[in-house]
Structure formats: structure tokens, C-alpha cells
Amino acid sequence: MTSRFENVKNIFIDSVERNNYVELESAQHNYKLLEKSLDKPLKMILLFGKPGTGKSMLLNKLYHNLKESREIHYFDAPILSEKEFLRRVYEAITDKAVPNELRVNFDGLLRFCQKLKGEREIVFLLDECQLYSEALMEKIRLLSDTRVIKFVITLHKTENEDIIAKQHFKTRIWEVIELSNASEDDLYIYIQKKLIQKGFVEISNMIKKKHIRFIYTYTYGNFRESNKFLYTLFDIYEYFDENRPHKVSTEKLSKKFLEMTALKLGYIDG
Amino acid sequence: MDNMRELEKRWYFYRAKESLRSINIVAFMGMMSLASYYTYTQVDVIKNLFNENILVAEAKVEPKKVTVEPIILAKIVEKPVEEHLKSTKVADVVLASKNEGLDGSTLHVVALEPVIPIIDMEKESRKVTSKKRVYKATRHNQTTQRKMVKAKASTYLTASELSTIKHEIKRKSRVASRNTENIKKINLNGSSVNYIETMKKKFKRSKNPRDALLLAKAFYEKKAYSQSEKWALTANKIDSSNDESWHMFAKSKLKLGQKNEAIKILESYYKKSHSPKTKALIVKIKTERL
Ligand SMILES: Nc1ncnc2c1ncn2[C@@H]1O[C@H](COP(=O)(O)OP(=O)(O)OP(=O)(O)O)[C@@H](O)[C@H]1O
Ligand SMILES: [Mg+2]
């Protein structure tokens, strides 16, 4: 017997997919900033924030919204070797495949881009830029100096990378959009909308503000952490629904299950 | 399944602990309110005897002080107050309290004076015995409390449940140390497909980078290098400080024919980590000994 909670918990598996995007006030605000800065004469745009704050999600949405109306390319996984990176950029611009035995010459590419000035404006979205090497980042900057290619990059900050990153980017003309964790209210809306979008209205009615407060105390509104919390919570629901259904009430969330989740994830110790 | 039962037991244990704490708090609050009730009623008697003036002052009385200070204060105004009490002359009392100033401390004296022994010697000896009594009382309280808690806890847990928990705790450390063996055993006994499926399920639940890394290793051994690359990356995203995930990622890249990429990744990681193992791996790859 499969429980309906199995489908509920799967909503909270981490995935960067456009149709999972939830329109939160903060996310919408950042999205609009992002769209606006694409029209400014900036060379690069940086999406910056702690892991799990929705950078990839935003980039993904931007790509799908604009791919019909602009020249836009999206590298969702980092391409670490320079050779491979230049090749992918060249192929994206020219729409021609580079034969295997050849490689793209960087100076050539630069000159090629300069020639396109005034004719084309191409946007590249690069996710996970913290993985790119310093040398490759320098080439990316040089490419953006041509004003033909505009890069939007995401970079996740860890505590000590924070300062380095900021110093690093201050010297250039950057637009920096910083993403942060959700507020308690946003977390509430996030969870409600996520459930309702997938048709689990009844389940969404089970979740009250005080439950959100409980979750928030442990996840601080981080999307990834909160997803993990809810996944685990509904995993517990699934188990009880299958094995001891009399213990499962669909009126409101069970305090016991919430606490079990916190225990399981190590937020509290028993 | 068993995991869930174990988790539930942990939760029972956690609940028992929490309720123990709240019982302690309730008991403490109860005692406090009893104490303040007692002092309040004492003050009340006198409040009835005297006029409004004192009533105003009385509002300032802090019950805590009342219970702490009586013995010392008694010395200062022993007799006059007793007289007041006997005579219940309003004016006199007002005078007396004016002398002392209208703050709370005067009132303590007034309030508690009658119960305080008159002779100093006796006072001293009583002090000692009363201390003892208090001590005994609290000890008694503690034991009854402990009993109470036990009784309360068993409404949450049956005796057998309690005993299994104890058992469980003892076993936990042993189980933990056996965990790694278990994983290996599964690997050897079951087919590798089975192992991979089990691990995938496990990872889905745990989101533990170790599980992802084990999966990466399993795929690597099966020569499914793009899978092992993917899982190493997953492990690395959760915990990027783990050497192994970097190594696994690079080794997979190497096997996928991306030698330069593999070296680049390791070198960039080595810059940060200075891990000798990483260094060794770089050398190994560069000299084609892998
Ligand atoms: N606006 C949103 N709508 C729906 N889900 C979101 C939203 N923002 C974040 N999430 C959820 O949070 C998860 C983490 O977000 P995301 O992967 O975008 O974080 P990130 O900032 O890119 O993290 P990292 O720095 O680790 O790459 C996503 O899998 C997604 O499920
Ligand atoms: Mg991301």
C-alpha cells in the first residue's frame, strides 16, 4: 500500500526545476532586479548568497523566461577546463560544432566577439562559479569587456570566502544581487504554495504558523534545510500512515512527528 | 522501518526528559507561589489591623525579602511592635513605621515579628534546627519528586518500553561501531545493484554526504564513471571539505578521458587543503600510474 504522504514528501526533494519555482516576495524582488540589470550596460551580474538560498533556482527561471526573447545560454553545471569552456562558448555563439581535434584559441575568440559589437548581445548564465579557477574567471572577465557577452554568475559564499569574493568583485563593474534565507512569513508562504501548487490543499491546511515557527528555529528559513526538514517530516508521516494509520491525524501537524524530525536531523538530541 | 521504531523510541526518551524538566519547573513555581501566598496572608492580618497608610506601603512588600530577613530584623524592633499588636493602636503603629521610614523593610518587621523567638540564645539554636529542617524537607521533596517523575514517565512509557530504551542506549555504541562493517557486508553479500539501490534509498532519506560518496565508489567500481562523477559531486556539494569526494570526482573525470580536468580540479583543491593525499593523487595521475 502506498501512502499519499509519499507524494507529499517528494515535493520537498531538492531540485532546480522551473515548474517548482514558488513566487515569493523576496524571490520576485530579486528576479526583477536581475531582469533590470540585464538591460543596464553592466558587464557582469553576480548572484551571491549562502548555499540553499535559491540562486540556481533564480538563474534557471531567468533562462526559461528569456530564452525565447533573447540570445541566452545557460551552463547549469560548471565546466572546469578552460579548453572545454571556450569551446562551449564558441559553439553557443556560432552555433557550429568545433571538431574534436581542434581547440578554440582565446585571443581568436576575443577578437571574434569584438567584431560582433553593436550587432549582438549574448547572455551567458553560469551557475556554481565558485568552482571556476581564477585563471578562467579572468578570461570570463576579458570576454565581458567586449560588451558583446554579458555574464550572470552565481557564487555561493562560505564564511571565509565572503570577504575574498567581495574584494575580488569590487574592482569590476558588477551588479551584485545578494540572496538570503527566507523570513518566517516567507517560509510559511513557501511551504503553503509548494503544497497547493501540487494539489495538496488538505495537507497545506494542516500546517499552522506555530509549526512554521518550530521549523524556522532549526532551519533559519534556508530553503534547502527547510526542504530537508519537510521531506523527513513527511517520510515519518508516510511510515505511520502505512503501519499505524490510527496515529495519523490530518487535522493539524503532529507535534510528536515534528519533534521526531528535529531529532532525526540532529537539531535536538534525545 | 527499524530506523523509524528506533527514532520513535528516541522521541519517547526525549519527551520523558522534557516532561521531567517541566515537572521540576512546575514544582519550583508551586513552591514559590506557596511561599508568597504564605507571606501574603501574614501581611494581610496586619493590613486588616492598620490604616490605609500602611496598606499603601504594603503594596511594595516583596515576598522574597520577607522570607529571608525576618530573623535579623527581629532584633531591631522586637518589643514595640508586640505592644502595638496587643494594643492595636493605629496612631502608634503609624508613628512607628514613620520612624523606620515608609519603605517595605519596616513592614517586614511588623509583619513577621510575632513569630520570632524573643530570647537570643533560643533564636540561635532554633536557627540551626530550622536550617536542618529545611534541609531535610528539601531532601524529602527531592525524593518524592523523583518518585513523581517516575510515575509520570510511565504514563508515557510502559515498563517494557523503558527497558528497551535502556537496552537500546547500551547497544547504540556497539551498533555505531558496527555500522561500517554492515555496509561492507551488504556490499559483499548482496548483488551490487541491490547495494546501489539500498544506498540510493538511504541517501534520499539521510542526505548524508557519506552515503553519496559510498554510492560514488560503488559506481566507480562498476566502471560507471559518469554516475560516480555525479555522486561524488553530490557528496561534495553537501560537504566540500571532504578529500575523498574531490578525489572520487577527479578519478571519475580521469576515467572519462578528462585527464587535464581531473588534474585541474585536484590542484585547485590542493591549493586550499594542502592535503598530502591529494598531492599524491595528482602525482599519480600525472605519471599515469592510476
Ligand atoms: N523561489 C523558490 N521556489 C521554489 N523552491 C525554491 C525557491 N528558492 C529555493 N528553492 C528550493 O531550495 C532549494 C535550494 O535552492 P538552490 O539550489 O537554488 O540554492 P543555491 O543558492 O543555488 O545553493 P548552492 O549555493 O548550494 O548552489 C532548491 O532545490 C529549491 O527546491
Ligand atoms: Mg546552486
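The values are calculated or read from the model by the stated rules, or taken from the named source; none is laboratory data. Everything numeric here is computed off the predicted structure, so don't read it as measured data. Note that each Cβ is placed from the backbone with ideal geometry, even for glycine, and that neighbours are counted across all protein chains shown.
Tell me which residues, restricted to region A:27-64, are more than 8 Å from ligand 1 (Cβ to nearest atom) and either without any contact (Cβ under 8 Å) to a residue 12 or more places away in the chain or within 14 Å of chain B (Cβ to nearest Cβ) (or both).
Correct list: A:Gln28, A:His29, A:Lys32, A:Lys36, A:Asp39.
Residues that are at pLDDT below 85 and within 11 Å of chain A (Cβ to nearest Cβ): list the helices (runs of 4 or more DSSP H) wholly contained in region B:228-290 that include at least 1 such residues. Even if it seems obvious, please write down each step before you answer.
Details: elements: B:243-255, B:259-273, B:276-286.
The helices (runs of 4 or more DSSP H) meeting that bar are B:259-273.
Answer yes or no as to whether A:Tyr132 is surrounded by 15 or more Cβ atoms within 10 Å (Cβ to Cβ) and within 16 Å of ligand 2 (Cβ to nearest atom).
Answer is yes for this residue.
Within 14 Å of chain B (Cβ to nearest Cβ) and within 9 Å of ligand 1 (Cβ to nearest atom) - does that describe any residue in region A:16-26?
Yes.
Out of A:Leu109, A:Leu102, A:Leu86, A:Leu80, which single residue is closer than 28 Å to A:His156 by Cβ, assigned by TED's automatic domain parsing to the domain that holds A:Glu35, at pLDDT below 90 and of a type in the set (A, V, I, L, M)?
None of the others qualify; the one that does is A:Leu80.
Residue check: is A:Phe112 more than 20 Å from B:Lys230 (Cα to Cα), in contact (Cβ under 8 Å) with a residue 24 or more places away in the chain and either touching a helix residue (DSSP H, G or I) at 6+ places or on another chain (Cβ under 6 Å) or away from ligand 1 (no atom under 16 Å from the Cβ) (or both)?
no
List the residue pairs whose Cβ atoms are under 7 Å apart, where the first residue sits in region A:250-270 and is more than 10 Å from chain B (Cβ to nearest Cβ), the second is among the basic types (Lys, Arg) and in a loop (DSSP other than H, G, I, E, B), and the two are 6 or more positions apart or on different chains.
A:Lys252/A:Lys208
Each row is one residue, and each column tells you yes or no for (1) buried (at least 21 other Cβ atoms within 10 Å of the Cβ); (2) over 28 Å from B:Asp2 (Cα atoms).
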residue: A:Tyr188; (1), (2): no, yes
residue: A:Lys194; (1), (2): no, yes
residue: A:Val201; (1), (2): no, yes
residue: A:Asn205; (1), (2): no, yes
residue: A:Lys208; (1), (2): no, yes
residue: A:Ile212; (1), (2): yes, yes
residue: A:Tyr220; (1), (2): no, yes
residue: A:Arg224; (1), (2): no, no
residue: A:Leu233; (1), (2): yes, no
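Listed residues A:Leu86, A:Leu42, A:Leu59, A:Leu66; which is more than 16 Å from ligand 2 (Cβ to nearest atom), buried (at least 19 other Cβ atoms within 10 Å of the Cβ) and over 30 Å from A:Glu242 (Cβ atoms)?
Details: A:Leu42 fails: buried (at least 19 other Cβ atoms within 10 Å of the Cβ); A:Leu59 fails: more than 16 Å from ligand 2 (Cβ to nearest atom); A:Leu66 fails: buried (at least 19 other Cβ atoms within 10 Å of the Cβ).
Being more than 16 Å from ligand 2 (Cβ to nearest atom), buried (at least 19 other Cβ atoms within 10 Å of the Cβ) and over 30 Å from A:Glu242 (Cβ atoms) holds for just one of A:Leu86, A:Leu42, A:Leu59, A:Leu66, which is A:Leu86.
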